[in-house]
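The values are calculated or read from the model by the stated rules, or taken from the named source; none is laboratory data. Owing to the predicted nature of the structure, the values given are computational and were not obtained by experimental measurement. Please note: Cβ atoms are built from the backbone with ideal geometry, for glycine as well, and neighbour counts cover all protein chains shown.
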Amino acid sequence: MVMLDGTLLILLGVFLAIPDTTVHDMLVRGFGLLLCAAAVAVGVKMWTSSTSKQFGPVAWLACIVLFMIGGILLIWPNESLEAIAITVGIVILIRGIIETSVGLADRRRRGWKFLLTRGLITIALGIFFLWFPNWAAYLLLILIGIDFIARGVSGVSRARQLQKQQG
């Protein structure tokens, strides 16, 4: 299972790292389809459950919102990708500001320069994501793809070690 997981992560990472808009559209639409299917499955499970009266309006709203997000990803994949990039940019920018302020506040501690530098780089990355959401979306997919490839290689390596230990 570890070998299969690693191999699939490598393939998905290569798929994400390819800078092709049709591939990314397909990936976003596939994710949207999965979200819609998950929302329907959870809704049906809640409806048919013997304890369905225990579920409040928030649980039903969660299913509806999940279905709507999946539909938006299906209908507008490019715009969805940009919205994700802008959201990630805001989060990264806020995180960078926090890291920078913590680094400046803890100048007596060892490693404060590293924290300050990391915070400034994170702020620059957040500004990049906000300024260029089209490029940022593809950069985000490529970075996720590289991460998946690295995790996949690690999984395959771990699986081989396990096979050697088992004999």
What number of residues within region 65-106 are under 29 Å from Thr117 (Cα atoms) and more than 15 Å from the chain's Cα centre (by Cα)?
14
Log entry, pairs with first residue in region 100-117 being free of Cβ contacts under 8 Å to residues at least 40 places away in the same chain, second being aromatic (Phe, Trp, Tyr), beta carbons closer than 9 Å, six or more apart or on different chains, reads Val102/Trp112; Gly103/Trp112; Gly103/Phe114; Leu104/Trp112; Ala105/Trp112; Asp106/Trp112
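When you go through Phe128, Phe114 one by one, which is the residue that is among the aromatic types (Phe, Trp, Tyr), assigned to a helix (DSSP H, G or I) and surrounded by 15 or more Cβ atoms within 10 Å (Cβ to Cβ)?
Phe128
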Within region 152-163, is there a residue that is closer than 23 Å to Met26 by Cβ, touching a Leu at 6+ places or on another chain (Cβ under 6 Å) and surrounded by 15 or more Cβ atoms within 10 Å (Cβ to Cβ)?
yes
Among (1) within 29 Å of Pro133 (Cα to Cα); (2) surrounded by 15 or more Cβ atoms within 10 Å (Cβ to Cβ), the one test that Val42 misses:
(1)
Which one is modelled with the highest pLDDT, of the residues in region 31-60 that are among the hydroxyl-bearing types (Ser, Thr, Tyr) and not in a helix (DSSP H, G or I)?
Ser49
